[in-house]
Structure formats: structure tokens, C-alpha cells
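Here's the structure, in C-alpha cells; my notes come after.
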Amino acid sequence: MEARRTRVKLLYHTDVTALKEAFLTKRVPFDPALVMEHVVYMFEIEDCSRVTTHQLVRHRVASYDQESQRFSAATKEGVVVPPRVESNEAARRIFDETLKRVYAAYDELVSAGVAKEDARYILPNGIKTKIVVTINARSLMHIVWQRTALQAQWEIRELATTLHRLAKEATPELWTEVIER
């Protein structure tokens with residue numbers, strides 16, 4: 001992904017070589033389709049919008065740990081700007097002016113004694129967040145299958161493409177084909 005967009009790191013993945021060796025000691029041929037639920041990936045995803053994490057967590061066969069807005073700074077720089085807004089001067093002006101008003105209102109609420117967790121209700125869904133995702137290969141494959149479709153929203157499509165690339169680099173023997181397609 002572009003540097004200005006979401007950053008994704010693969011923090012951990014199951015050692016498929018060890019699985020293959022275990023199969024060999026039992027004289028069982030290694031079949032990637034048989035271990036898809038047992039191969040696990042852990043990703044750290046930063047600077048994606050809450051719009052995207054709301055879509056991601058709809059895939060319930062994973063574990064998620066998301067940054068709390070109660071303790072993170074709410075700043076205009078911490079917002080994902082859609083490419084079609086970024087490339088349209090008039091739209092970008094409207095977007096920026098609206099963000100200024102929203103963040104000014106947020107600051108006013110906090111200054112008036114409203115707790116951050118209550119003031120955050122007016123923040124945009126485009127606010128950047130961090131999330132750690134732990135997921136097995138089959139569930140990740142399902143996300144890749146659904147979220148790389150042309151109908152998918154641009155940010156989740158970019159994220160799914162990146163998750164797929166990182167998983168494929170880590171465990172290429174499992175990603176010779178996307179099973180559901």
C-alpha cells in the first residue's frame with residue numbers, strides 16, 4: 001500500500017514447514033486444504049479508518065484488538081481521506097472545512113468538561129485507528145475472496161490485497177489458489 005495509506009505488518013504466522021514435517025513423520029501426505037484452520041496469522045494494521053475496521057470485524061472468525069479512542073489523540077491529521085475526495089479540489093475543500101468544524105466542536109466539548117469517550121461521538125468514521133487481527137488461513141482466504149471483489153470499498157480492498165500478499169509471502173504453499181473462487 002502507499003505510504004500515505006494503511007500500514008500492515010505480519011507479526012506472526014504458523015510455521016508450515018513444521019506442519020509438513022509432522023505430516024511426514026506420520027507418513028501422511030501434506031495437503032494445504034487440511035491445515036487451513038490450523039495455520040494462523042497475526043497482523044498489525046495501522047492508519048486505516050474506522051470505516052474499514054467496521055467492515056473487517058464483520059468477519060467474526062478472527063480475534064481483534066483495536067485502539068481505543070478514549071486514549072488516542074483526535075487530530076485532523078488522523079483522518080483517512082478517500083482518493084476521490086483527495087483528487088477533487090472542491091471536494092477536498094469541503095472535506096477540510098468540515099473536519100475543522102468537527103474537531104473544533106470536539107475540543108469545545110472536552111474543554112466544557114465532557115469526557116473524551118463522550119465527545120468522540122461526533123468524530124468522523126474516517127478517523128485513523130490501529131487494530132491487531134489474529135486469523136486462520138481459511139478465514140483470511142474468505143476475507144480476501146470477499147473484500148478484493150470489484151464491488152468492495154477501495155480501502156478494505158487495498159487492505160485485503162495487502163493481507164493476501166503478506167500471507168502468501170509467509171506461507172506460499174497455502175496460497176496457490178484462493179479456494180472459494
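Consider R50 carefully, then state whether it is in the same structural domain as H142 (by TED's automatic domain parsing), modelled with pLDDT under 90 and surrounded by 11 or more Cβ atoms within 10 Å (Cβ to Cβ). The answer is no for R50.
Within region 129-138, the residues that satisfy the criterion of being under 19 Å from T53 (Cβ atoms) and hydrophobic (A, V, I, L, M, F, W, C) are I131, V132, V133, I135. Counting only helices (runs of 4 or more DSSP H) that fall entirely inside region 1-65 and contain at least 1 residues that are over 15 Å from L140 (Cβ atoms) and β-branched (V, I, T), the qualifying elements are 16-25, 50-56. Has region 159-171 got at least one residue that is buried (at least 19 other Cβ atoms within 10 Å of the Cβ) and part of a loop (DSSP other than H, G, I, E, B)? Yes, some residue in region 159-171 is buried (at least 19 other Cβ atoms within 10 Å of the Cβ) and part of a loop (DSSP other than H, G, I, E, B). Please specify each residue of region 51-71 satisfying the condition of being farther than 14 Å from V133 by Cα and in contact with a Ser or Thr (Cβ under 8 Å, 6 or more places away or on another chain). If the condition is that a residue be farther than 14 Å from V133 by Cα and in contact with a Ser or Thr (Cβ under 8 Å, 6 or more places away or on another chain), then Q69 is the only one that fits.
Look at T129 and say whether it is among the polar types (S, T, N, Q), buried (at least 19 other Cβ atoms within 10 Å of the Cβ) and under 20 Å from D47 (Cα atoms).
yes
I need a count of the residues in region 129-158 that are farther than 29 Å from A74 by Cβ and not in a helix (DSSP H, G or I).
Quick first cut of region 129-158, residues farther than 29 Å from A74 by Cβ only: 136-142, 144-146, 148-151.
In the following step, the residues that additionally are not in a helix (DSSP H, G or I) were identified as 136, 148-151.
The qualifying residues number 5.
Looking only at residues that are assigned to a helix (DSSP H, G or I) and of a type in the set (S, T, N, Q) in region 72-128, which one is farthest from T52 (Cα to Cα)?
At the first step, the residues of region 72-128 found to be assigned to a helix (DSSP H, G or I) are 76-78, 83-86, 89-111, 116-122.
Subsequent filtering for residues that are of a type in the set (S, T, N, Q) retains 98, 111.
Working: T98: 21, S111: 30 Å.
Only one residue tops the list, namely S111.
The values are calculated or read from the model by the stated rules, or taken from the named source; none is laboratory data. Note that this is a predicted model, so its numbers are computed, not measured. Positions of Cβ are generated from backbone atoms using ideal geometry, with glycine treated the same way; all protein chains shown enter the neighbour counts.
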